[in-house]
Amino acid sequence: MSQVRIEALQQENAQLSATVADLSERLNSALGRVGLLQQQVDWFAKQLFGRKSEQRLDIDPAVQASLFAALGLETPPAEDLPTEQIGYRRRKKRRDGSVNESGLRFDESVPVETIHVVDPEIEAIPESEREVIGEKVTHRLAQQPGSYRILRYVRQVVKRRDTGEVRTPPAPSNVLDRTAVDVSFLAGMLVDKFRYHLPLYRQHRRLLDSGIEVSRRSLTNWSGRAIDVLEPVVAAQAAHILSGDVIAMDETTIKAGRTGPGQMRTAYYWPVYGQDDELVFHYAPSRAHKHVETFLGDFRGTLLSDGYGAYEAFAQRRGLVHARCWSHARRKFVEAEASDPGAVREALALIGALYRQEKRLRKRKLDAAGKLAWRREHGAPTVDAFFDWCRQQRQRVDLLPNDPLGKALAYAAEREAGLRVFLDDPEVAIDTNHLERGLRPIPMGRRNWLFAWTELGAERVGAIQSLLVTCQMQGVNPYIYLVDVLQRIDRHPAKRAVELTPRVWKERFADNPLCSDLDRARDPPAN
């Protein structure tokens, strides 16, 4: 074979090799895109039809035990649950506070109507021939459809005979001037809409069904004006949150304002959670990084957040300690479960052990020093083992960077320093789940009242939710709180507005709150 022929074949072979390499690269890229698209389809299917709870009950005990043994850790002990001996052991049922066999529970604030049941056959027995030897009492839960009332104020007009002077008592003060609504209605309307997510148009229909006609525009106007009255209290609560050492921050969407006919703008609430169980919803028209700086201002403590880059950028500029959320790191592994179930099971076993340690820590109710010692003794070895496992997994030659498990490992590794912060600070939570529980009213609202017509309306929604959610966290009845504060705020010094936040209010005013005229009419003073 001639030299020319050999060179031609070599050249052709090189071209074919290049073509094969190019096709292989394109095939691998296509397979990667297919895998990514399949992952997205699986995620959407899970959102539509799958379990929403993140609780895991299917970790194989044998796998967990072998994993912990390989890492040189003790298998976390099972939780001790209260039991009773009845021939066999089982979890003890809790019936504390129940008043009958059906398990009905209520406290002393619930009104009780007593009905005496009469039996005609018993009544037919002559009174001299019967004796009452006891009573049998049962309870049933009842409801009245609509409880609206009209308060009719009557003021006598008096004329003095000697001077002819005509006098009449002044009209009772009202929270909103030139309106025909009592503070009890304002508080109930706000609680119904923002706590129980009953839109104003449904409340309007309920009023009509009760025989009361008001315009829907009036309901909107009254609710907006009532929320504006509460603005100083919300501002004071936000300031107190930023004065703490630890805060948690997140963001969630809301439709607010219109970009065109039939098109709503996607805006954001930025909830900030303080270490004294207070929450404030800040509104912003976008998710831009600048809003973090606007809302956090001169905060100098520890910031706990998810993996959004805006928080990391802010923490770096200010030199803050930036704690990261273990729950968000865990979700990345859950999303990778279909691609590598064995490895994901090991990751979830380690993270699950960490969460069980935190659960036992909460039950012990230790002080700051005790919490710190507990975490360093029990949590630190588990965290070390988790990141050692992550480094071992990242050395696998079969694991590509674009694989879901590879992305989960990279996510955790990049945030290792932030995920370790809770081990050195007892005030830092292991995750932002407490914040996510607090912001639930916003997605609930998206399913009920759907959107805010204007950005001003969205700001008002954030303000009232800041107080109502904090009431829930502090164990304060929101209706009683709003009835009191809406009346008290006019006479309260502005520089002491923090005293009207739910956290302080429950200590200063909850034992003797201001009542509405409706409550006073129901309970007239004793002579």
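Results, tabulated for the structure shown:
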| quantity | calculated |
| --- | --- |
| Extended-chain gain in nm, criterion 0.36 nm per residue less alpha-carbon gap, Leu372 and Asn512 | 46.5 nm |
| Per-selection Rg to Rh, segment 330-459 - Cα, Kirkwood hydrodynamic radius | 1.09 |
| Computed accessible area, Cys471, all protein chains, 1.4 angstrom probe, square angstrom | 0 Å² |
| Which of Met189, Met264 is most accessible, then next, and so on - probe 1.4 Å | Met264, Met189 |
| Point-to-point label distance, Tyr201-Gln10, nm (Cα→Cβ direction, 7 Å offset) | 8.0 nm |
| Over 29 Å [Cα-Cα, the chain], rounded percent | 68 percent |
| Calculated FRET value between Glu131 and Leu104, using beta carbons and R₀ = 30 Å, to 0.05 | 0.45 |
| Residue-level accessible surface for Met473, protein heavy atoms, 1.4 Å, Å² | 60 Å² |
| Share of alpha-carbon pairs per 10 Å distance bin for segment 382-447, given as whole % | 17, 34, 26, 19, 3 |
| Ratio Rg/Rh, restricted to segment 413-527 and using Cα atoms, in which Rh is the Kirkwood radius | 1.11 |
| For Asp384, solvent-accessible area (1.4 Å; no DNA, RNA or ligand), Å² | 60 Å² |
| Percent accessible area from carbon and sulfur atoms, the chain, protein chains only, probe 1.4 Å | 51 percent |
| Cα gyration tensor shape of segment 204-326, rounded if a/c is under 1.5, else prolate or oblate by comparing a/b with b/c | prolate |
| Modelled FRET efficiency - R0 41 Å, Ala313 with His492, Cβ distances, 0.05 increments | 0.55 |
| Charge sum, other residues only, whose C-beta stays under 13 Å from Val158's C-beta, Lys/Arg counted +1 and Asp/Glu -1 | +3 |
| Global form of segment 304-352, assessed from the alpha-carbon gyration tensor, a/c cut-off 1.5 | prolate |
| Computed label-point distance, nm, for sites Asp209 and Glu293 using a 7 Å Cα→Cβ extension | 5.2 nm |
| Hypothetical label at Leu37: residues of segment 387-427 whose amide nitrogen lies under 19 Å (7 Å Cα-Cβ projection) | 402-404 |
| Extension gain, Asn433 back to Arg51 (0.36 nm per residue minus Cα-Cα distance, nm) | 135.8 nm |
| 5 angstrom amide H check on Ala323, placed H, neighbours 5+ away | Leu303, Leu304, Ser305 |
| Full-stretch length increase - Ser173, Arg391 - with 0.36 nm per residue and alpha-carbon distance subtracted | 71.6 nm |
| Cα-based radius of gyration of segment 155-255 once divided by 2.2 N^0.38 Å, which approximates compact folds | 1.65 |
| Rh by Kirkwood over Cα pairs, then Stokes-Einstein D for segment 243-388 at 1.002 mPa s and 20 °C, µm²/s | 120 µm²/s |
| Surface accessible to a 1.4 Å probe, per residue, for the residues of segment 180-282, Å² | 43 Å² |
| Range in the chain, longest, excluding exposed chymotrypsin sites (Phe, Trp or Tyr not before Pro) [loop by DSSP; at most 15 other beta-carbon atoms within 10 Å] | 309-452 |
| Residue-count net charge about Pro478 - beta-carbon cut-off 12 Å; Lys, Arg +1, Asp, Glu -1 | +1 |
| Cut-off 13 Å between beta-carbons: net charge of the residues surrounding Val181, Lys and Arg +1, Asp and Glu -1 | 0 |
| Spatially proximal lysines relative to Lys332 (Cα-Cα < 25 Å; intrachain offsets below 8 disregarded) | Lys46, Lys52, Lys359, Lys407 |
| All aspartates and glutamates inside 15 Å of Lys363 as judged from Cα atoms, apart from same-chain residues fewer than 8 positions distant | Glu79, Asp80 |
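The values are calculated or read from the model by the stated rules, or taken from the named source; none is laboratory data. Just so you know, these numbers come straight off a predicted model, no measurement behind them. Positions of Cβ are generated from backbone atoms using ideal geometry, with glycine treated the same way; all protein chains shown enter the neighbour counts. The area values use the complete protein model at the heavy-atom level, side chains included, leaving out ligands, DNA and RNA. Shrake-Rupley method; radii C 1.70, N 1.55, O 1.52, S 1.80 Å.
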